[in-house]
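Asks: Below is the structure I would like to discuss, written out as structure tokens.
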Amino acid sequence: MKNFNTIILLLLVNLSFAQNKQPKLVVGIVIDQMKMEYLYRFNSDFSENGFKRLMNEGYTFHNMHYNYMPTYTAPGHASIYTGTTPAMHGIVSNEWFHRTLKKEVYCTDDDSVSTLVAGTDKEGKMSPKNLQTTTITDELKLATNFKGKVIGMSIKDRGAILPAGHFADWAFWYTKTGNFISSSFYGKELPSWVTEFNNEKQYETYLTKGWNLLKPIETYNESLIDDNPYEGKLYKKPPVFPYDLKGMYEGNDAGVLRVTPFGNDVLANLAKRAIEKEALGKDDITDFLAVSFSSTDYIGHTFGPRSIETQDTYLRLDLTIADFLNYLDKTVGKGNYLVFMTADHACAENSSHLKDHKYEVDNISYKDVSKDLTAFSNATFGANLLLKYDSYNVHFDKDMIKSKGLDLTKVKQSFKDFLYTKNYVKRVYTEEEILASSSNDQLLSFVYKGYDPTQNGDLYFVYKPGFVEYSATGATHGSPYTYDTNVPCIFFGWNIPKGKSHDKKVITQIAPTLAQKLKITLPNGTDSEVLEEVLD
């Protein structure tokens, strides 16, 4: 018996040494606007092989948070893959007024490149040039002497480009033409397999079928009733199932697909095609596929987190994830691939819904904030000293202030005092206060990590919890509060133990954890804190 036990022990040791030293493929899945709470609320309606499989067989971090503001899509994707915050990687919003350039910039705009698909000039002039630090995908390219392939893809350009990094082989994003495109930053012409995929026009198949409920209506008892007052309209149509997507498409363009669950399906089909045609995970050099599902965000913004439309989208995405994992099992092989799944931000509750239940919060109009600031300036200083109000940022016209002989410090204080008279304002910070940030102020810590003094405003303010700068219907995000910061984070597959953690973690730990797991160089801007639970 003793000899038998010894033999078994030796077999187990030999088996462990026989496992792959590196995964053949890393798949990063980002689900745009996904709250951790969705994995709880919709759990009983999920299949066994999608989200539940990831949670049951992988390692789930239930208390994962963003550690900066604004919690938007572009900063979120950049922070996941760089392991640092906007203050370091420079992607401070989706689009913003750049104080140094004195103009609006978009996170992935690049006029030096051109589109690779005719008819998409505006949508195709994109690259990662505004991203100031390296990504985990960049470091994998360097570590493999550029032999490992890196491909990013998403319905949104920023969801494809920023995760793929500076050295990617390709990034592909969807356009209103129904085509996935790329730019000359990545190559001279679109790969033939992508052109073939575009020619299939899969979007037409999905839009022709329309959007009805996946399951019987009584299944959706975790959501509010269909056609509730907190939902927006879909292309001016009432928020009621079923949706005539074909009619919407004929009256608009193929961009309609974005605001349906089927944008996720088409993207998953493209991901599978990329694995096949680019031979991802077929050799011992690790490849990386970054996939960002964006339709969840479009639907969340339109209908809100308590809508049947949002729940139906996640029930369908669960099946899409299950199918994709099954595809990876068959093509790359169980134990040969590593998956991590997270989100670029979560979202707030609809403020009207909260107010109707006696929580005194409100939705705030961006135009009203800008108008109030301008009126205050004219009344107080006899001139409009406001250069731009831009999503929490107040930019001053310093030339105007100087020409009037005003003291900038006193001007800032005056505007700061005015903002504190507003019932929706929680904190107001000057640039000087932000850059001298103290960790004793939790909100200031979030602002500091999202602030770039060469790009952001002279003043930066934070709304009170529950107040949102958005319309009365649907939902949005951007705040430093837990409803916007708490997102899922699951590691699954190659050398990942089963388990869970409820300790607080931060999103910037994902990239350095992957670097340690793969034994490659850390992204150059990260503070290097890791998720030790999945490294053992």
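Asks: Would you point out which residue out of Leu257, Leu280, Leu214, Leu234 is more than 21 Å from Phe324 (Cα to Cα), touching a residue at least 12 places away in the same chain (Cβ under 8 Å) and under 26 Å from the mean Cα position of the chain (by Cα)?
Replies: Answer to the selection: Leu234.
Asks: Output the qualifying pairs, or none if there are none: Cβ atoms under 8 angstrom, residues six or more apart or on different chains, first residue in the stretch 455-466 and under 13 Å from Val92 (Cα atoms), second residue of a type in the set (Lys, Arg) and buried (at least 22 other Cβ atoms within 10 Å of the Cβ).
Replies: These pairs meet every condition: Gln455/Arg99; Asn456/Arg99; Gly457/Arg99.
Asks: Look through the stretch 354-380, keep the residues that are open to solvent by less than 50 Å² (accessible area, probe 1.4 Å) and among the hydrophobic types (A, V, I, L, M, F, W, C), and return whichever of them is nearest to Gly478 (Cα to Cα).
Replies: Result: Ile364.
Asks: Being among the small types (Gly, Ala, Ser) and under 17 Å from the mean Cα position of the chain (by Cα) is the requirement here; does Ala274 meet it?
Replies: no
Asks: In the set Glu533, Glu529, which member is over 21 Å from the mean Cα position of the chain (by Cα) and open to solvent by 10 Å² or more (accessible area, probe 1.4 Å)?
Replies: Every option except Glu533 fails the conditions.
Asks: Taking the criterion of being within 23 Å of Asp397 (Cα to Cα) and of a type outside the set (D, E, K, R), would at least one residue in the stretch 71-82 satisfy it?
Replies: no
Asks: Just to be sure before I move on: is Phe492 in a strand (DSSP E or B) and either on the phi > 0 side of the Ramachandran plot or within 21 Å of the chain's Cα centre (by Cα) (or both) in the structure I sent?
Replies: When the stated conditions are applied, Phe492 passes them.
Asks: Just to be sure before I move on: is Asp169 over 15 Å from Phe293 (Cα atoms) and either open to solvent by less than 10 Å² (accessible area, probe 1.4 Å) or of a type in the set (Phe, Trp, Tyr) (or both) in the structure I sent?
Replies: No: the conditions fail for Asp169.
Asks: Here's another thing I want to ask about it. Would you say Pro229 is open to solvent by 70 Å² or more (accessible area, probe 1.4 Å), in contact (Cβ under 8 Å) with a residue 60 or more places away in the chain and assigned to a loop (DSSP other than H, G, I, E, B)?
Replies: yes
Asks: While we're on this one: Could you list all residues from the stretch 313-353 that are among the acidic types (Asp, Glu) and either assigned to a loop (DSSP other than H, G, I, E, B) or open to solvent by 10 Å² or more (accessible area, probe 1.4 Å) (or both)?
Replies: Asp323, Asp329, Asp344, Glu349
Asks: Right, next: Being in contact with a His (Cβ under 8 Å, 6 or more places away or on another chain) and open to solvent by less than 10 Å² (accessible area, probe 1.4 Å) is the filter; apply it to the stretch 134-152 and report the residue that is farthest from Asp452 (Cα to Cα).
Replies: Asp138
Asks: So, in the stretch 54-72, of the ones that are open to solvent by 30 Å² or more (accessible area, probe 1.4 Å) and in a helix (DSSP H, G or I), which residue ends up nearest to Leu213 (Cα to Cα)?
Replies: Ranking the candidates gives Met55 first.
Asks: Quick check on this structure: which one of Lys505, Lys519 is basic (Lys, Arg), open to solvent by 20 Å² or more (accessible area, probe 1.4 Å) and more than 24 Å from the chain's Cα centre (by Cα)?
Replies: Exactly one residue qualifies, and that residue is Lys519.
Asks: Six or more apart or on different chains, Cβ atoms under 9 Å: show the pairs whose first residue is in the stretch 325-342 and among the basic types (Lys, Arg) and whose second is in a strand (DSSP E or B) and at pLDDT 95 or above.
Replies: If the second residue must be in a strand (DSSP E or B) and at pLDDT 95 or above, the pairs left are Lys334/Gly493.
Asks: State whether the residues of the stretch 186-199 include one that is surrounded by fewer than 17 Cβ atoms within 10 Å (Cβ to Cβ), outside any loop (DSSP other than H, G, I, E, B) and aliphatic (A, V, I, L, M).
Replies: For the stretch 186-199, residues surrounded by fewer than 17 Cβ atoms within 10 Å (Cβ to Cβ), outside any loop (DSSP other than H, G, I, E, B) and aliphatic (A, V, I, L, M): absent.
Asks: Residues being open to solvent by less than 20 Å² (accessible area, probe 1.4 Å) and either free of Cβ contacts under 8 Å to residues at least 12 places away in the same chain or closer than 14 Å to Thr133 by Cβ (or both): count how many of those fall in the stretch 83-106.
Replies: 8
Asks: Against the definition (crowded, with 22+ Cβ neighbours inside 10 Å, within 30 Å of Ile364 (Cα to Cα) and among the aromatic types (Phe, Trp, Tyr)), how does Tyr483 come out, yes or no?
Replies: Considered against the rule, which asks whether it is crowded, with 22+ Cβ neighbours inside 10 Å, within 30 Å of Ile364 (Cα to Cα) and among the aromatic types (Phe, Trp, Tyr), Tyr483 comes out as no.
Asks: Would you tally the residues in the stretch 415-425 being closer than 15 Å to Asp397 by Cα and polar (S, T, N, Q)?
Replies: Counting residues in the stretch 415-425 that are closer than 15 Å to Asp397 by Cα and polar (S, T, N, Q) gives 0.
Asks: Can you say whether Asp536 is at pLDDT below 95, under 30 Å from Asp329 (Cβ atoms) and assigned to a loop (DSSP other than H, G, I, E, B), as far as the supplied structure shows?
Replies: In short, yes.
The values are calculated or read from the model by the stated rules, or taken from the named source; none is laboratory data. Bear in mind that the values here come from a model prediction, so they are computed numbers and not experimental data. Using ideal geometry, Cβ is built from the backbone for each residue, glycine included, and neighbour counts are taken over all protein chains shown. These area figures cover heavy atoms from the full protein model, side chains too; ligands, DNA and RNA do not enter into them. Shrake-Rupley method; radii C 1.70, N 1.55, O 1.52, S 1.80 Å.
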